[in-house]
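Please treat every number below as a calculation from the coordinates, not as lab data. Keep in mind it's a predicted model, so treat the numbers as computed, not measured. In this analysis, Cβ positions are derived from the backbone assuming ideal geometry, glycine residues included, and neighbour counts consider all displayed protein chains.
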Amino acid sequence: MNGWPLLSLVTFLPLVGAAFILTIRGEQAVVARNARYVALWTSLITFLLSLFVWFGFERGTSEFQFVEEVTWIPAFGITYRMGVDGISMMFVLLATILTPICILASWESVKHRVKEYMVAFLALETLMVGMFCALDFVPFYMFFEGVLIPMFLIIGIWGGDRRVYSAFKFFLYTLAGSVLMLLAILAIYFQTGTTNIVVLLEGAGIPPSMQIWLWLAFFASFAVKVPMWPVHTWLPDAHVEAPTAGSVILAGVLLKMGGYGFLRFSLPMLPDATAFFAPLVFALSVVAVIYTSLVALAQVDMKKLIAYSSVAHMGFVTAGIFTLTQQGLEGAIFQMLSHGVVAAALFLVVGVLYDRVHSRLIEKYGGLVHRMPVYALVFMIFMLASVGLPGTSGFVGEFLVIVGVFQVNTWVALLMATGMVLGAAYMLYLYRRVIFGKLTKQHLMTIKDLNWREKAIFAPLIVLVLWMGVYPVSFIDVMSASVENLIGNYEQAIAQSQAQSLAALWPGR
Amino acid sequence: MEVVAVFLPLAGAILAGLFGARLGDRGAQYVTSGLLLLATLLSIIVFFDVAVGGNARTTELFTWFSSGAFEFSWAVRADTLSAVMLVVVTLVSAMVHVYSIGYMSHDASIPRFFAYLSLFTFFMLMLVTADNFVQLFFGWEGVGLASYLLIGFWYEKPSANAAAIKAFLVNRVGDVAFALGIAGIFFVFGSVTFDAVFAAAPEMADTTFTFIGIEAQTLNIIAILLFIGAMGKSAQLGLHTWLPDAMEGPTPVSALIHAATMVTAGVFLMVRVSPILEFAPAALLLITIIGAATAFFAATIGLTQYDIKRVIAYSTCSQLGYMMFAIGVSAYSAAMFHLMTHAFFKALLFLGAGSVIHALANEQDMRKMGGVWRMIPLTYGLMWIGSLALAGIPPFAGYFSKDVILEAAFAAQSSHGYFAFWLGIAAAFMTAFYSWRLLFMTFHGKPRASKEVMSHVHESPKIMTVPLIVLAVGSVLAGWLGYSAFVGDAREAFWGASIFVLPENDTVELAHYVPLWVQILPIIIAVSGIVLAYVMYITRPDLPGMVTSRIRPLYLFVYNKWYFDELYNAVFVRPASYLGHGLWRVGDGAVIDGIGPDGIAATTRDLARRVSRLQTGYLYHYAFVMLVGVVVFVTWYLFTQIG
């Protein structure tokens, strides 16, 4: 595959599929069926293509790979530049594996405007993949913002009863952050004269006083995306109203854009501000873990509960990133990947019930193990992964983060670790109320266990969860060189600016 | 070979769990039990090779974590400590598997039960054969999961579900400390493998470290964090509340997990880290005090309970206290000795109790038993053996191990050693008393069960009694056979490098030279406990009622388990759910959304309404607004340009 613009292929193939779907005409049922199949095949082929990235990726180097460059707007030095390193590569795969799963999960549950729905999903995939591959600020920003639009539509058109409120809340929250980020990007451009991310990563040389403002502007955007407390309230609403597949992508990939942003921009380009604001991030992360875990405990709506648990899990991510230690950063990235799989799976788990009973309320269920033993097992596996049981993917990320945080601040480590107890509390309590107990409710008496399509959806996710838990090395190896490089650059930059400030204090030297 | 022994139960669990429907009940029982018996056989061979032959070794399977220096493998470590645990775990587990074929024969989901049992055994074996802290933690959490699944095995019962969740959560509290301890070990030592950490431990003895604002000796902090983890799993005072509730699970589960193996994982962990503990005097002090207090406290509750399984559960809790304070006085080998003998006689007692429950149509309340000893003589005799071993009557197993613990505590010649010794003596008295109270109430006196039940009382089938007999043989012989190797003259050769004791802390050695009265006192105490039980429950059955009414407040305090559950409910459980609701409604709803998006939206709507009022349609209004705009812009321009 050498010489092929592999990343561009992976990025834009879904868009081609979408365009193809748009041309489908005819009877409604036929159109819907064709749209489903085209979308499924497109996303599957995209996934297969992205496997070439996985296998072709050279581990042990922090260089960008599969780089493509095409001059775009020469007047401003803007280039269409794509490439992946150990940090972004696996997010591309996360997006490409979740998309076909989402399309399968929407197979029967989406009944109206199927064509448009599939188009939206494929467009979303293009934008997500492009976001993680873009190595120039301009395409990056376009992808980053572009993601909002299909997601907004998916929630707003195929969502639940309060979908419009949620969609707007989602849109406004994230847009407010994005505007500030745009300003920050412009400021960086005017300061350094380039929008080339690769160049900027090696040291942007932005003066510390300016870094503070730029950092805050980026933070506004990324913190909303993660989401961090207290700008997380859009997430439960968006999740509750979004269709199952929308929640899956939202939790699985979109939340990672915030964490990815921190890793790609805040840390390497604004190192002094990162050091300055790290305590703030720790504080917010600790609050996120404890606060949202407690809130999750009080939920009566399954989707809301999982949405809040997402906020808590992402708290581990933000804390891990700002430890700037090997374990903390790798733990954070791993936690993002793991959460991408586990939270996505949990939303699918809820979706299975919603498809059958059309309710997300916990009280509508109980005793399902009697009629749905396979479902109970699947749910159990993902619940345990969410709780962070060793041997599942959830443990690796969480534990690495705790190990990383411990080296920086033991208080933060202790408070983060309480999330282990609270997380177990709300998940076990949920599981008990839904799965265990006597089967007494009339509408559950004839409920059916997982069918083949649903088993096919969950099987790859279960494999991933266990693989990541038992042999995480195959994933950590991918990222370690890039993470090492990131930490090295960061420490160098900090040392430099300290030397400078010392030099400013004693001009004689 | 040890690798095969570890993974056989996993194979059994997967076969029975995923293909239970195809295997059928019979198939699942035979596959899991057969594999476990095989694993037991292998373990015994490994034991002789490693502990007797002195061939300690570690087999690395493949890398698990590799994040910077945080690097280690899945591994199977076989040293004497692991080998002892291997034999204890597989043997008791195999017996429980076989016993369960009979005990659970009427249950609706037999393959699931056996899958869980085997899964538990796998995790336990991973725990004891770990060669690094994280794999130990894997097994640790894994047995917690299996325990959760098995306590909640009868998932239709709300009480079983509640007990299962409680067990998991209380254990998790300890696990938080354990996890932090591992993080601390990595931070301090730069490694989490046992060999590297233990080798470097002496050098760290004089360093200090600040944890959550407390500056203390590094190893003390780490050891105390690990000990808090061990407290959760081994049900030590404060984190013990889950254990009695765990009796909601089927009785074989109580025998395997909540008596013989899982609850001893904390003890095992503490013995495993003896090279750290030896340099952590403050941690040892704390362990002694908590252990002794647990031994005493749990025994008091055992005196008053009526549920036959709960009496034994509190007895387990109390015996774990003995093991812990043995560790506290550096008598690690004595703790392991007691762990081993205890596994035999406590499993025997639980399974015997199960046999009684089985005979009496699932009755667990001792007030509804009595007068059945002639009908189930074998069970009765086996329960006697178990009780004699538990009470420490020579020559039964418990005598050897409990005695050496008490002697070591005395020989430590420290104030906390004496504290532990006297509380241990008091607990020994109570142990003997409640054991015979149990025997007398269950088997003697007038029958208190209904005629219907009494007419069906029967001895259990062979499939249940044979495992009991095996365990009974262990309860009789294990102490006598193991004494020399575990705590006697041969102990140094036996343990090899798996236990580390500083020469000046060698209380097991000193235990052999304590005064005669220290050696005899436990026996006298035990016998007098039995006699008192005989007086109160056989000769004067009216006495217990009189005594309890005389000291009613104290009795209620003890009967209600020192009100720990009520305290924790008031301090942790209720506030957590109250806080959750509050934060959700007020924090997220009123404050964040109110000021944030909803507030802004409302303000915007408000503004828009005012703006629309401005849209009057008159040209001069717009002109005026435009003019104002121009003025503002010009002013701003001037200020910024000139200023």
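For this structure, a couple of remarks:
- Neighbourhood net charge (13 Å Cβ-Cβ; Lys/Arg +1, Asp/Glu -1) for residue A:334: -2
- Residues whose amide H falls under 5 Å from that of residue A:136, counting only those 5 or more places apart or on a different chain, are A:81, A:197, with hydrogens built in the peptide plane.
- Magnitude of the charge dipole for the protein assembly as shown, about its Cα centre and with charges confined to Cβ atoms of Lys, Arg (+1) and Asp, Glu (-1), is about 3980 debye.
- For chain A, calculated [θ]222 nm from helices alone, where every DSSP H run of n ≥ 4 adds -39500 (n - 2.57): -24500 deg cm²/dmol
- Residue by residue along A:319-329, Cβ atoms of other protein chains within 10 Å of the local Cβ number 2 on average.
- Separation of alpha-carbon centers, the range B:448-518 and the range B:298-352, rounded to whole Å: 11
- Set A:169/A:225; B:346/B:446; A:448/B:157; A:364/A:441 screened for pairs whose C-alpha atoms are more than 18 Å apart: B:346/B:446; A:448/B:157
- Panel order for A:144, A:52, by other beta carbons found within 10 Å of each beta carbon, from fewest to most: A:52, A:144.
- Alpha-carbon spread of the range A:6-505, three principal axes, descending order, Å: 77, 55, 41
- Partner shielding of A:354-364 amounts to 0, given as the average count of beta-carbon atoms from other chains within 10 Å of each residue beta-carbon.
- The 3J(HN,Hα) values that the Karplus relation (6.51, -1.76, 1.60; θ = phi - 60°) gives for the range B:122-139 are, in residue order, 4, 4, 5, 5, 4, 4, 7, 9, 5, 10, 8, 5, 6, 5, 4, 5, 4, x Hz. Gly and Pro appear as x.
- Sparse packing (at most 16 other Cβ atoms within 10 Å of the Cβ) combined with a DSSP loop state is found for the following trypsin sites (Lys or Arg not before Pro) in the range A:343-375: A:371.
- B:107, B:206 arranged by Cβ crowding within 10 Å, fewest neighbours leading: B:206, B:107
- Separation between Cα centres of the range B:2-26 and the range A:20-39, rounded to whole Å: 47
- Value of relative contact order over the range B:6-162, rounded to a whole percent, pairs C-alpha under 8 Å and six or more apart: 28
- Cut-off 19 Å, label 7 Å out along Cα→Cβ of residue B:490, residues of the range B:20-50 by amide N: B:43-50
- Given A:455/B:233; A:115/A:455; B:233/B:368, the pairs whose alpha carbons are separated by over 30 Å: A:455/B:233; B:233/B:368
- P(r) tail fraction, the range B:88-162 - alpha-carbon pairs more than 22 Å apart, %: 28
- Shielding score for A:392-404, defined as the mean number of other chain Cβ atoms within 10 Å: 4
- Extension gain from residue B:568 to residue B:52, taking 0.36 nm per residue of separation minus the Cα-Cα distance: 181.1 nm
- Prolate/oblate/rounded label for chain B (Cα gyration tensor, a/c 1.5): prolate
- Label zone of residue B:205 (point 7 Å out along Cα→Cβ, amide N under 16 Å): in the range B:486-505 this covers B:500-505.
- Computed log10 I(q)/I(0) for the protein assembly as shown at 0.04, 0.06, 0.08 Å⁻¹: -0.24, -0.53, -0.88, from the Debye equation with unit scatterers placed on every C-alpha and solvent omitted.
- For residue B:309, the aspartates and glutamates whose Cα falls under 16 Å of its own Cα, not counting residues fewer than eight places away in the same chain, are B:245, B:248, B:363, B:365.
- Counting beta carbons within 10 Å around each of B:58, A:195 and listing the fewest first gives the order B:58, A:195.
- For the range A:318-408, the fraction of C-alpha pairs farther apart than 20 angstrom is 45 percent.
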